[in-house]
Each structure stands twice: as structure tokens, then as C-alpha cells.
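These notes concern the structure reproduced below.
The values are calculated or read from the model by the stated rules, or taken from the named source; none is laboratory data. Keep in mind the model is a prediction, meaning the values are calculated, not measured. Because the Cβ atoms are built from the backbone with ideal geometry, glycine has one as well, and the counts that use them run over all protein chains shown. Keep in mind that these areas ignore ligands, DNA and RNA; they rest on the heavy atoms of the full protein, side chains included. Shrake-Rupley method; radii C 1.70, N 1.55, O 1.52, S 1.80 Å.
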Amino acid sequence: MRRNNSMGVPRRKLIGAAAASAGLVLSGCDRLNENSAFRSVLRSAEDANRAAHRLLVDRSALAREFTQGDLSPEFRMNGTINPSSQSYQTHAAEKFVNWRLQVNGLVQRPMSLSLAQLTSMPAREQITRHDCVEGWSAIGKWRGPPLSLLLKSAGLLPAARFIVFHCADDFDGTPYYESIDLIDAFHPQTILAWSMNGAQLPVGHGAPLRLRAERQLGYKHAKYIMRIEAAESLSDIGGGKGGYWEDVADYEWYAGI
Ligand SMILES: Nc1nc2c(c(=O)[nH]1)N[C@H]1C(S)=C(S)[C@@H](COP(=O)(O)O)O[C@H]1N2
Ligand SMILES: [Mo]
């Protein structure tokens, strides 16, 4: 079948014309190069290219790690410091023995993990600085399995693009949640911390499990994680912007530091 465009010109003829004009451009290359406007377009394309490359390379870089002596004597508790729901209060009173982390959404094998299972997984320990958008920072020691380990055992489906953290707390009935992309999800310092400064994670800091995503600002570090969901899009989760603060106060979804 011979397919024509809307003007009735056979496709082959159009391709021929395009090739001819490409030839003209090529033969005029030297003259174009003398044109300073053209050169500046090339330069800015090169700059954009370099910036994109730098961004990609930098996103796999490690956040600075500190030593035991750098630990902040006091680490502020911020946002929710004790989720009020009856079910969270019961889990806390039971020392989280009946609590389970759900891992579901776009995964091959949905999982339900006890705290004992999570604490017996291979863990990473890291001393890092937490930077809150409100302007305070603190250095703490965090321990827990890399998020990548859980995602690998659940097996992400090809459509998965984001990892969403659903939390036990809410602000006036609106649940706290956060999300990251797969670059941060598989970053080696992205861990699910069940321990802080060598002790079980305190309720104020997100017990029994909180995210550490060391390349991003504090509000991305979801505390009180109940469920981890792999998703293709963020638009039908919460208010659609990928996180509680993104939805209610227009915080940036990508809060890289
Ligand atoms: N579930 C939940 N996670 C949360 C918050 C919250 O209110 N609820 N606050 C965020 C903000 S703004 C910061 S700075 C950190 C505070 O962590 P911290 O209490 O361990 O200092 O948790 C983040 N994660
Ligand atoms: Mo924060």
C-alpha cells in the first residue's frame, strides 16, 4: 500500500526532499560555523548537555559520612513525633511485634515483613547529616537494610518508576507519604532504618522504620513507614504531587542536596 500524507505527496518523495535539504545544510556547514549566533546555540546545547551529564553522575555520588565523634548531642524530632491512630498506638505498646511492613504495587512478589525479619536482613550503617528545609541540621547514625535489597527480593515490574512510602501518621486526616525515583531508591545510602545512634529507633524519630534518603532534604525521609508501593505514576496517589508537603505546601518533589 502506498501511504500519502495529507497533501497527497508520496512519502518517498518527501524523504528525498528532506535528504536533499540535509545535504545543503551539510555543505553550508563552514559558512554557518562563522555565524556567531549559530556558534552560541551550539555552545548552549553543549552546556545543557554537560549539565545533564553532571546531574546524572552526581545523583549516584555518596553523601558525606561522618564519624562517631561528630554525632549531634541532640537530634531534634520534627513533624509528627507520635502518630495518634489507635492502630499505631497498639503497635507501639506491643513493641511492634505484630506490626508488618507491606511491600506491594508494581512488584512480582508482594511482601509482608515483620520487624524481626527486617532487623535480620543485611544492614548498612551510616553517620550522616540530616538537613531540614526549616534550616536546622543534625548528624546521626542510622542502621537498616538498603531499600534496594527489599526491592530486589520483591522484584520490580518493568512499569515501576517510583517508590512510594505510606506512613502511619496524618495531619488532620491527611496521611503523610513521600516518594522517590528509582535512582534514589537504588542509591547505596538509601536505607530503611530501624536503629538510630546504636539503639532501637525511637517513636519520635519514626519507629519502627523510617527512610534515610541521604541525598535529599529532611521531609523526604518518611518516618513510621507502613507500606512501600512501587508505582508507575504519582498522579493518583494522595494529592498527586508525590508527597504530603508537595501536595499541601508546594515543596519541591525533588529535594536534592
Ligand atoms: N511520617 C512522617 N515522616 C516525616 C515527617 C512527618 O511529619 N511524618 N516529617 C519530615 C520532616 S520535615 C523532617 S525534617 C524529618 C524529621 O525527622 P526527625 O524527627 O527524626 O528529626 O522527618 C520527615 N519525615
Ligand atoms: Mo523537615
| remark: Picked from the stretch 129-176 (must be within 16 Å of ligand 2 (Cβ to nearest atom) and under 19 Å from Ser112 (Cβ atoms)), the residue most open to solvent (accessible area, probe 1.4 Å) is Cys167
| Among all residue pairs at least 6 apart or on different chains, which show Cβ distances below 9 Å where the first residue, located in the stretch 80-100, is assigned by TED's automatic domain parsing to the domain that holds Trp194 and touching a residue at least 60 places away in the same chain (Cβ under 8 Å) and the second is part of a loop (DSSP other than H, G, I, E, B) and polar (S, T, N, Q)? | Tyr88/Asn82; His91/Asn98; Ala92/Asn82
| said: Looking only at the stretch 185-242, how many residues end up being under 18 Å from Asp131 (Cα atoms), open to solvent by 10 Å² or more (accessible area, probe 1.4 Å) and of a type in the set (A, V, I, L, M, F, W, C)? | reply: 2
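Go over the candidates Ala222, Ala230, Ala207 one by one and state the one that is at pLDDT 95 or above and near ligand 1 (Cβ under 9 Å from one of its atoms). Write out each step before concluding.
Details: Ala230 fails: near ligand 1 (Cβ under 9 Å from one of its atoms); Ala207 fails: near ligand 1 (Cβ under 9 Å from one of its atoms).
Exactly one of Ala222, Ala230, Ala207 is at pLDDT 95 or above and near ligand 1 (Cβ under 9 Å from one of its atoms), namely Ala222.
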| message | With the structure loaded, tell me whether Gly238 is more than 22 Å from Arg59 (Cβ to Cβ), assigned to a loop (DSSP other than H, G, I, E, B) and assigned by TED's automatic domain parsing to the domain that holds Gly144 or whether it fails that test. | response | yes
